[in-house]
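The values are calculated or read from the model by the stated rules, or taken from the named source; none is laboratory data. Note that the structure is predicted; figures quoted are calculated from it, not measured. Counting neighbours? That spans all protein chains shown, and the Cβs are built from the backbone with ideal geometry, glycine included. Each accessible area value is taken on the protein alone, full model and side chains, heavy atoms only, with ligands, DNA and RNA left out. Shrake-Rupley method; radii C 1.70, N 1.55, O 1.52, S 1.80 Å.
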Amino acid sequence: MKKILILGCTGSIGTNAIHIIQNMPELFEVCGLQAHSNQSQLEKLSKTFNCPSLLTFQDNSEQAFQKLIDESKPDIVVNGIAGAAGLLPSKVVLENKIDLALANKETIVMAGKLIKKLAAKNDAKILPVDSEHSAIFNLINQCGKENVSKVIITASGGPFRTFTTEQLNNVTIEQALNHPTWQMGKKITIDSSTLANKGLEVIEAASLFDLTADQIEVVVHPQSLIHSLVRTKDGMLYAQISEPDMKHPILNALTWPKTVENYLKPFDLFDQTMTFFKPRTKDFPLLGLAFECVKKQQGYSIAFNAANEVAVHAFLDEKISYQAISRIVRSVLDYNWNTEPTDFDSVFEIDAEARTRATELI
């Protein structure tokens, strides 16, 4: 029986993780829960699982996360917290020598080197839960890192894949929150529509799998059936294919390195259509800016993430237009971020400075 602590338990990742645990009680049990602001749902889940170990956004300090871990004593932690707020709990989990099922991409985008070093020091595993990185993780393990020449990350293209430049100038919040294939939180849904989310995944893949910008490609695949591919040195492509359901990568992280039979519906190839397109980086510039950050390294990825978070929230608050999101990120990246963060404090300092710059621009 594996004891699981779920951070972000009322969000998309947390809800799917709970669904798995409820349907596979012989393998998993909930030992602790954290939610950002949905206190009523948190208390309901606590009663469902007879789980007294709870935490809300009212006290998301390092000490509070440590107390939650001390009380719940998990075997693995699912981090489904959205945004930069997910970095601190990832750090605490790894410091406690506990495996981390990581859906919070900002942890790696902001502090990839430090997080990987911490995991190695404490002999704890980082198991990616993003569907794309879970696919890459499995494909690299199966093909062998030494045999892989390129990683190809798939993108749905979001709701505006076929929009003209003129149409993009008039995008509404309601339109941007209507994703064609995935049901997610507001921030990540907006990011998917601008391709900022794919940009963050490019940065995350580079850090997680020690790849250069030239070793990563993005292909638009609207059906979201292929979650990523790797190309081996002989030119062959290998893909991971399943329905667009986050339960698959979550279960994979919870059971790794084993592959277990489960209740999820097997993928059926019949009557499926798969199409592929090049991303329109001119109309969706945040993807190109992410590749730029991978090349520059230093503090650029931290600045990219911080500026984008601030800009997205400003858009959701109706303070800026949709197209202004990418312009703000571009302007913030024009500052000098040639500082390599040497510890977590310096990561948060760069993050805070970039947020200030973005706020001033807004």
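Residues are listed down the side, and each one gets a yes or a no for (1) modelled with pLDDT of 95 or more; (2) among the polar types (S, T, N, Q); (3) not in a loop (DSSP other than H, G, I, E, B):
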| residue | (1), (2), (3) |
| --- | --- |
| C293 | yes, no, yes |
| N305 | yes, yes, yes |
| N308 | yes, yes, yes |
| Y335 | yes, no, no |
Could you please find all residues in the stretch 171-209 being hydrophobic (A, V, I, L, M, F, W, C), modelled with pLDDT of 90 or more and crowded, with 17+ Cβ neighbours inside 10 Å?
V171, A176, I190, L195, A196, L200, V202, I203, A205, A206, L208, F209
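Within the stretch 12-33, how many residues are polar (S, T, N, Q) and either in contact with a helix residue (DSSP H, G or I) (Cβ under 6 Å, 6 or more places away or on another chain) or farther than 17 Å from I250 by Cα (or both)? Write out each step before concluding.
Going residue by residue through the stretch 12-33, those that are polar (S, T, N, Q) are 12, 15-16, 22-23.
Now restrict to residues that are either in contact with a helix residue (DSSP H, G or I) (Cβ under 6 Å, 6 or more places away or on another chain) or farther than 17 Å from I250 by Cα (or both): 16.
Looking only at that region, the number is 1.
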Can you name the residue in the stretch 233-269 that is part of a loop (DSSP other than H, G, I, E, B) and of a type in the set (S, T, Y) and, of all such residues, is most open to solvent (accessible area, probe 1.4 Å)?
T259
Given the conditions (1) modelled with pLDDT under 95; (2) buried (at least 19 other Cβ atoms within 10 Å of the Cβ), every one holds for F28 apart from (1)
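When you scan the stretch 132-154, do you find a residue that is at pLDDT below 95 and either within 24 Å of V202 (Cβ to Cβ) or hydrophobic (A, V, I, L, M, F, W, C) (or both), even just one?
Here is the first cut: in the stretch 132-154, the residues at pLDDT below 95 are none.
No - not one qualifying residue is present in the stretch 132-154.
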If you go through N79, N23, the only one that is surrounded by 18 or more Cβ atoms within 10 Å (Cβ to Cβ) and either aliphatic (A, V, I, L, M) or modelled with pLDDT of 95 or more (or both) is N79
Please determine whether any residue of the stretch 122-145 is under 26 Å from W256 (Cα atoms), open to solvent by 30 Å² or more (accessible area, probe 1.4 Å) and of a type in the set (K, R).
yes
Of the numbered conditions (1) open to solvent by less than 70 Å² (accessible area, probe 1.4 Å); (2) over 21 Å from G185 (Cβ atoms); (3) among the hydroxyl-bearing types (S, T, Y), Y335 fails exactly one; give the number of that condition.
(1)
Qualifying positions in the stretch 303-332 - crowded, with 19+ Cβ neighbours inside 10 Å and either small (G, A, S) or touching a Cys at 6+ places or on another chain (Cβ under 8 Å) (or both):
A303, F304, A306, A307, A311, A314, S326
Consider the stretch 36-53. How many of its residues are open to solvent by 80 Å² or more (accessible area, probe 1.4 Å) and within 15 Å of S12 (Cβ to Cβ)?
1
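Could you list, in sequence order, the residues of the stretch 210-232 that are open to solvent by less than 40 Å² (accessible area, probe 1.4 Å) and either touching a Gly at 6+ places or on another chain (Cβ under 6 Å) or under 23 Å from F160 (Cβ atoms) (or both)? It would help to see each step written out before you state the result.
The initial filter retains those residues of the stretch 210-232 that are open to solvent by less than 40 Å² (accessible area, probe 1.4 Å), namely 211, 213, 216, 218-222, 224-230, 232.
Correct list: I216, V218, V219, V220, H221, P222, S224, L225, I226, H227, S228.
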